[in-house]
Amino acid sequence: MLAANPQAVMQLLNHSMVFALAILSVALVGVSAYGVVFPYWIIDLVRSNMSRGVGLWIAVIVRLVFAALLWFTAPVSETPLLFKVVAVTFFVSAVGHQIAGRTHLKKLIEVLSTLPLWTIRFPCVLGVLLGAFLLWSIANVLVAA
């Protein structure tokens with residue numbers, strides 16, 4: 001039935017991607033809000049994940065998944081151009097993480113951990129705002145589904 005109707009397939013795919021983006025956005029808001037309240041927790045989380053071999057890959061894959069979801073859900077969002085700009089930013093961030101490598105990122109984390117707390121809280125606040133913005137921008141599709 002779906003194969004006979006390509007438009008229905010695309011609509012189902014869009015709804016699935018929007019739902020996945022909503023889940024990641026809620027996670028982004030939650031982790032970032034926790035980082036605002038407990039800034040050293042976020043540093044410890046990143047530090048412990050970077051000390052493992054898969055930490056960098058997790059960071060890169062999460063950014064690539066965000067980039068793909070943002071890119072492909074842009075047409076159904078309230079702000080398609082901004083979604084594409086943020087998608088490209090996530091993609092460049094993923095590539096940058098891979099180029100920088102685990103050693104350089106671990107050094108950056110150590111430097112950040114010595115700075116004042118607001119330097120940790122500020123990016124976390126931006127994470128909360130980004131997640132809330134993404135949820136707002138796809139809310140029309142979530143409500144219609």
- Which one of Leu134, Ala27, Ser48 has its Cα pushed farthest toward the positive end of the charge dipole of the chain, where Lys and Arg give +1 and Asp and Glu give -1 at the Cβ? Ser48
- Query: Plugging the Kirkwood radius over Cα pairs into Stokes-Einstein for the chain, at a temperature of 10 °C and a viscosity of 1.306 mPa s, what D comes out in µm²/s?
  - Reply: 96 µm²/s
- Percentage relative contact order, the chain, counting C-alpha pairs under 8 Å, at least six apart: 39 percent
- Item | Other-chain or far-sequence residues with amide H under 5 Å of Thr79's (modelled H) | none
- Read phi for every residue in the range 72-88 and hand back ³J(HN,Hα) as whole Hz from Karplus 6.51 cos²θ - 1.76 cosθ + 1.60, θ = phi - 60°, with x for Gly and Pro. 7, 9, 3, x, 9, 8, 6, 10, x, 5, 5, 4, 5, 5, 5, 4, 5
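Each reported figure results from applying straightforward, stated rules to the coordinates on display, with no laboratory input. This structure is a prediction, so every number in the text was calculated from the model and none was measured. As a convention, Cβ positions derive from the backbone with ideal geometry for all residues, glycine included, and neighbour counts pool all protein chains shown.
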